[in-house]
Amino acid sequence: MASSSGDDEFVVLVCSDPNNQIETDISNEEIFISTTDFSTWDYPSTLSFSTFKIQAHRNRLIEESSYFRGLLSGSFSESCLDYISIQWQSETFLNVVRCIFGFRLDITSKNFIPLFQAALYFGVEMLLMQLKSWLSEASLSKDPGLFQIQLEDLIDIWDFGLELDNGFVQEICASYLARNFMWAMSNKIFKDTPYELLLLCIKHPHLTIDGEKHLSDALLIWLHSNTEQLERSSKTECEFFDILKQIRISLLPLWFAAGKRSSISFSELANESVDSIFKLMKVTPKGSMNVLGDGDLSHLRIRLTKYSKKVDLSGCPQITPMILLLSFLPNNHNSYLALRKTIKESASNFEQADGSKCQITQSLLPTLSFEAVLEVDISGCLKLPLEDAIDYFSNSFPFLRRVKAAYLLNFKMTTLYRLIQKCSLVSEVDITVDVNPLISSQLSVISSSSAVISVAPNRAYFVGDKFSMTSLYHLGPSLSNITKLTLEGRSDVCDSHIQYISKFCASLCYLNLKGCISVTDVCMANLIRRCTKLQSLLVCHTSFGMNSVLALCNASPSFSNSQSAQFGKRPLDSLASNLQLLHMGGCKCADEASLLELLSQTQMLKSLCLRDTNLVDSALCSFSGSLLEVLDVSNTMISGAALHHVVCTNPGLKCLNARGCKNLFQPENTKKEAKISSSYSCEELFIELGRTCRLEEIALGWGLSYFSLQALKPAILSLRVMTVGLGGTLPEDSLRLLPTTCPLLESLVLYFQVISDCMIINILTSLRQLQTLALCYCLGDISVSSFNLSMPNLRILKLERVTPWMTNNDLVLLTRNCANLVELSLLGSKLNSDAQCIISHGWPGLISLHLEDCGEVTENGVSSLFNCIALENLLLRHNGSGIQRNFILEAASKMPMLRQVALDVCDAKEGDFDLPDDADRYSLRSVKIARCKSTRCNVGSHFADTTRKPVHRETLVLVWNSTNVVRTVVKERL
């Protein structure tokens, strides 16, 4: 039909979807709509028709679409028609028409590609601009969920841009992936990311990662998953593995780099990384000029962008103030020159007397501010002077909220005060160290002495503006932002420090004082009264006792003498009634009466640890809460009836530890609580657990049997951690059924159980998610065939008194099948000195190694084990008397992360060991040296002589903290 002339003449677009195969009712075959009444369209209803006719202004189509411009105003025959047929996907074309007539579209990652294709085909520049604008805004988002671009959609958009050779789309995709890399790498389909996109992403200046380790992990996972693609690709293997060269290997954690030395694809870079880390650790302030050199310094820059939220430097002993400053400067040549000049000027004033002082004034450098950074982790950064780091953080991370600086003994309480003052917005601080090994109240101390640690004359670096402590106790309420404070293991924390915290950190909601043995009960009670917002309190192995319990049970904060308070009154608004987490394991100072009063007022608790306390049935039965998710009553005197009472009222229980409870399934005492039924049987507890709970972790001993495990079945289908201790008796049939009963197990620990090759093989074959396996003092015959299968997910392996047959060849087999171990404990075997090389070569990334009664491993001294440079915990006892006298000093210097060492004088080549002073200890927190005595052992009437057997005599324990070193001799073997 010919059209008539006129500005307002219409044309009818007849659109049908060529891909629409859905059969529709005849009445729904087509619909007639007009662009003049878009606002009245029933959009979902319109899309239900197989064909729709759109009456549209001819001139508008010509103006906004090059396709219709050529069709309607050119020499084509269609230019004279009133009806034009369009074959296109219905919803997409309808959106194209809406855009042409001025409507803003709802663009998503799902419709981006079809809209872009249509915009290009119909030549709608307005739509192309909308699509590009949307993609740009999405890429600038800090939240990947804001525009809902999922990774699979991003990959599709990238492939589409690559097909069109559209550089804009490719750049936007790479930018988006770079800014949200931490989110993307955790996605299951990250492995499907195209090589070109991944390479462009990691080279992008906005690549945002928490730490270099995360980038390395992501790239190794990608390479492992794309082995077949690598084989089919025209690219050479070197081209693919070149992507690993983008990793800044000098900034990797030491433990990570050490562990990857056994990786086929990463071993070369891992060795380079280890060498670089040790070189940086040896650099003096004056020598930093040589490190900076005259070239590009990008390989030493921590990746920081305006999108960075977390900076994870944990496990990086090589991080120095120079690296921090370099990372805070603009990435250009002038900034490098400024840093070199500043260090050079500082070095000219270098104090040669001790060779350790170099002042770097940050104010002279053009440092940047990263306002998005909320969290910093510098745990194990041994070369980083904390005062300097705090100053740098206060300038470059103005909105810092969380700081973790674990395992740094030089983090003193004065350092904490400085952090609170300089970084006033910080609300969470974690300065954990290893808990003192002498925390048990059962130890028999022979002698004890302490010495003050000599303070180094000068720090390696320090910032120009010194911090004065004289004003600490005169500061105002600005120091009240700390809500979560972890001081675990800090034996140097004393009452005066707690008084400061209680005065200036009154907003505390979470406090961890585990192992703070120098803090008194009275001082803790005063803190509890001041910090009325406390919801989580961890005081395991402290003096927490009756005074603290009274403070928790008191109705309102009071600073009067706690002796005036009495048990028995139960106010509704006590501090205890607000607690959600209470861990007081090992606190023997709280008697039965105080525990009863405390538990009667903690109805909001979700996590409760009463391990190794004076807990009895009456106290446990007084607990009235119903929200418990975690309960630890191990090594207490409670009965099964009392535990059954708590389980009945807490159906949300997820973690239960009742190991070591000898009365759990013994006949009940004659005196009963009214709340406990006199007809209770031991099986009722397991039946109730199976009926009401869905456990994720369980640890049991006495009373656990085949029948109780059967009753537990419904509760342990989602179990991840299982420990069977002394007193538990699981026959082989029960253990063989574990993979089907608990298919999600990640950790299995068995003590004193009967095991066999068949059972072990079944467990290791079926539980492919198993990460921890401990077989300790078990009975039965197992052989090396139990471990003759690949276990790539296993991270922790403990074989104690179960493999007396193990030789070096068996150990080689273990290294092949358990290639990713980070913790190994062997007790009782037939290894020789070559085992050191097998261990260090097979598991170079070990962080914990225990070898005891393992033949002649140390008969010729210790050498190859020093290659396990990431070790943090090392025990060598009764493995051969060849360990050199200076072993502890040498180990501390060659294993810079080593914190705990345990030896036996029996193994000392010269009969003793040199002990480190503060300057030589590096990261050492504790050293334990056991001493044995020989006793005559009659080997039988057929022999005329007797042999001498070593029997433990005493243990020397040295423990360092930030202020002193404590030397203690105890009778027990630690």
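Key figures for this structure:
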| read-out | value |
| --- | --- |
| Residue check, Cys80 surrounded by fewer than 14 Cβ atoms within 10 Å (Cβ to Cβ) and of a type in the set (A, V, I, L, M, F, W, C) | yes |
| Cross-chain or 6+ apart pairs with Cβ under 8 Å, the stretch 729-746 first and more than 22 Å from Leu794 (Cα to Cα), then assigned to a loop (DSSP other than H, G, I, E, B) and of a type in the set (Val, Ile, Thr) | Glu732/Ile755 |
| The stretch 363-388 residues that are free of Cβ contacts under 8 Å to residues at least 40 places away in the same chain, paired with ones that are polar (S, T, N, Q) (beta carbon under 8 Å, 6 or more apart) | Leu364/Thr342; Pro366/Ser335; Ser369/Asn395; Ser369/Ser396; Leu386/Asn410; Leu386/Thr415 |
| Any pair with Cβ under 6 angstrom, 6 or more apart, that starts in the stretch 862-883 at a residue that is surrounded by fewer than 21 Cβ atoms within 10 Å (Cβ to Cβ) and ends at one that is among the hydroxyl-bearing types (Ser, Thr, Tyr) | Ser864/Ser840; Asn867/Ser840; Asn873/Ser848; Gly882/Thr858 |
| Sole exception among (1) closer than 17 Å to Asn512 by Cβ; (2) not assigned by the TED database to the domain that holds Ser379 for Val452, by number | (1) |
| So Thr670, is it of a type outside the set (Lys, Arg), at pLDDT below 85 and out of contact with any helix residue (DSSP H, G or I) (no Cβ under 6 Å at 6 or more places or on another chain) | yes |
| Index of the failed condition, Gly780 passing every other in (1) surrounded by fewer than 16 Cβ atoms within 10 Å (Cβ to Cβ); (2) at negative phi | (2) |
| So Ser225, is it at pLDDT below 90, surrounded by fewer than 18 Cβ atoms within 10 Å (Cβ to Cβ) and in contact with a helix residue (DSSP H, G or I) (Cβ under 6 Å, 6 or more places away or on another chain) | yes |
| Residue match in the stretch 958-974 (condition: under 35 Å from the mean Cα position of the chain (by Cα), more than 27 Å from Thr415 (Cα to Cα), at pLDDT below 85 and surrounded by 15 or more Cβ atoms within 10 Å (Cβ to Cβ)) | yes |
| Considering residues of the stretch 884-910 that are in a loop (DSSP other than H, G, I, E, B) and not hydrophobic (A, V, I, L, M, F, W, C) only, the residue surrounded by the most Cβ atoms within 10 Å (Cβ to Cβ) | Arg899 |
| Out of Thr432, Thr415, sole residue that is at pLDDT 90 or above, under 23 Å from Pro896 (Cβ atoms) and in contact with a helix residue (DSSP H, G or I) (Cβ under 9 Å, 6 or more places away or on another chain) | Thr415 |
| Any hit, the stretch 636-648, residues being at pLDDT 95 or above, under 33 Å from the mean Cα position of the chain (by Cα), part of a loop (DSSP other than H, G, I, E, B) and buried (at least 20 other Cβ atoms within 10 Å of the Cβ) | no |
| Where Ser829 falls short, out of the listed (1) more than 27 Å from Arg925 (Cα to Cα); (2) surrounded by fewer than 21 Cβ atoms within 10 Å (Cβ to Cβ); (3) of a type in the set (Gly, Ala, Ser) | (2) |
| Matching entry among Asn832, Asn817, Asn793 (being more than 23 Å from His224 (Cβ to Cβ) and either in contact with a Pro (Cβ under 7 Å, 6 or more places away or on another chain) or modelled with pLDDT of 90 or more (or both)) | Asn832 |
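The values are calculated or read from the model by the stated rules, or taken from the named source; none is laboratory data. No experiment lies behind these values; they were computed from the predicted model shown. All Cβ positions, even for glycine, are placed from backbone atoms using ideal geometry, and neighbour counts span all protein chains on display.
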